[in-house]
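Presented below is the structure to which this report refers.
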Amino acid sequence: DDPEAYGLFLKGRYHWNKRPAGTYAAIECFQKALDRDPKYAPAYASLSDCYNTLGSWEAGLLSPEEAYSKGRAYAEKSLQLDPTLAEGHTALGYGLLHFAWDLGAAERSITEAIRLKPSYGAAHHWYSHLLVAARRFEESRKQSLEYLQTDPADPNIDG
């Protein structure tokens, strides 16, 4: 409801799309958005995205333990505030996949995100990663194609 918080959120997503270099600037923007509106669930999900990627192969700037702990806490907070937030389910699934290696729980989170928001490209992208880990290659290919179709302008499309 706060236009300034929304503007800070958008600025944060802009910086996050320039990861890994823009990740810390994104965190700062999301924190400022939450200072303005502490119940802004998408900002918590975005903080989860930041910490998840800081500890993963994308950046490797935080220990996996610290990244997963922070990323999971922010994802859970986003879902506590809005259980229908696809971005929160996706962020939780990412952490469960890349850090906990809990493929079943990760798949439940990510498929819930896709059910809630089929147009959310990141959910299809991370689901394709999960399906490779599960050795379900044809399904992974289909999810990758879905990602390319739903989010062709993603600046990280090759990631």
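The values are calculated or read from the model by the stated rules, or taken from the named source; none is laboratory data. All of these numbers come straight from a predicted model, not from anything done at the bench. Glycine also receives a Cβ, built like all others from the backbone with ideal geometry; neighbour counts cover every protein chain displayed. When the accessible area is computed, the model is the full protein with side chains, heavy atoms only, and any ligands, DNA or RNA have been set aside. Shrake-Rupley method; radii C 1.70, N 1.55, O 1.52, S 1.80 Å.
I'd like the residue in the range 16-26 that is more than 14 Å from the chain's Cα centre (by Cα) and open to solvent by less than 50 Å² (accessible area, probe 1.4 Å) and, out of all such residues, is nearest to S78 (Cα to Cα). Taking the candidates together, the pick is A25. Candidates in the range 93-139 are the residues that are among the polar types (S, T, N, Q) and open to solvent by 20 Å² or more (accessible area, probe 1.4 Å); of these, the one that is modelled with the lowest pLDDT is S119. Residues in the range 27-73 that are assigned to a helix (DSSP H, G or I), hydroxyl-bearing (S, T, Y) and either buried (at least 20 other Cβ atoms within 10 Å of the Cβ) or in contact (Cβ under 8 Å) with a residue 24 or more places away in the chain (or both): Y44, S46, S48, Y51, T53, Y68. The residues of the range 92-105 that are closer than 18 Å to S56 by Cα, assigned to a helix (DSSP H, G or I) and free of Cβ contacts under 8 Å to residues at least 40 places away in the same chain, listed by number, are G93, L96, L97, L103.
Filtering the range 74-92 for residues that are more than 17 Å from P42 (Cβ to Cβ), over 13 Å from the mean Cα position of the chain (by Cα) and open to solvent by 40 Å² or more (accessible area, probe 1.4 Å) leaves an empty set.
Close contacts from the range 106-119, counting a first residue that is at negative phi and a second that is among the charged types (D, E, K, R) and surrounded by 20 or more Cβ atoms within 10 Å (Cβ to Cβ), with Cβ to Cβ under 9 Å and a gap of 6+ residues or different chains, come to A113/E87; K117/E87. Among (1) within 30 Å of P38 (Cβ to Cβ); (2) without any contact (Cβ under 8 Å) to a residue 60 or more places away in the chain, there is one condition D154 misses while meeting the rest; what is its number? Just one mismatch for D154, condition (2).
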